[in-house]
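Just so you know, all these numbers are worked out from the coordinates, no wet-lab data involved. This one's a predicted model, so the numbers in the text were calculated from it and none came from an experiment. No Cβ is skipped: glycine too gets one built from the backbone with ideal geometry, and neighbour counts run over all protein chains shown.
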Amino acid sequence: MPPETKTINIDEASELARLLSEADARPLRLTSGAASYRVFREDTLAKTDPAAFNATVDRLAGSWSAEDAEAAIAYIYKAREEGSRPLSRFLN
């Protein structure tokens, strides 16, 4: 289970808030040394439209064929067998 997301409140009048408003149009990439972070807007106050949600579920239901599902399952099993982490981390 992923760790809980930490929330940091930013003053709406700050320079940082102004810069973050650019994430309304597209994700931002912040870098610090070798680390890179993607920032995108998440509208936490959005109203959920049950009818639109149901329409989307109805539209997507059955969009995967049995072959698609089998291919996805095979990919997952192959990745588990091959491993997804470099061994060098464990050999030191």
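Working note: Karplus 6.51/-1.76/1.60 with θ = phi - 60° gives region 3-12 the couplings x, 5, 6, 7, 9, 10, 7, 10, 4, 4 Hz, where Gly and Pro are set to x. Between TYR75 and GLU4, residue separation times 0.36 nm minus the direct Cα-Cα distance comes to 22.7 nm. Computed from backbone phi with θ = phi - 60° and the Karplus coefficients 6.51, -1.76 and 1.60, the 3J(HN,Hα) list for region 19-24 is 5, 5, 4, 5, 6, 5 Hz; x is used for glycine and proline.
Remark: the ALA35-GLU22 segment gains 2.6 nm on full extension, using 0.36 nm per residue and subtracting the alpha carbon distance.
For region 1-64, applying the loop criterion from DSSP together with a ceiling of 14 other beta carbons within 10 Å to the GluC sites (Glu not before Pro) yields GLU4, GLU12, GLU42.
With θ taken as phi - 60° and the Karplus curve 6.51 cos²θ - 1.76 cosθ + 1.60 applied, the whole-hertz 3J(HN,Hα) list for region 53-60 is 4, 4, 5, 5, 4, 4, 5, 8 Hz, x standing for glycine and proline.
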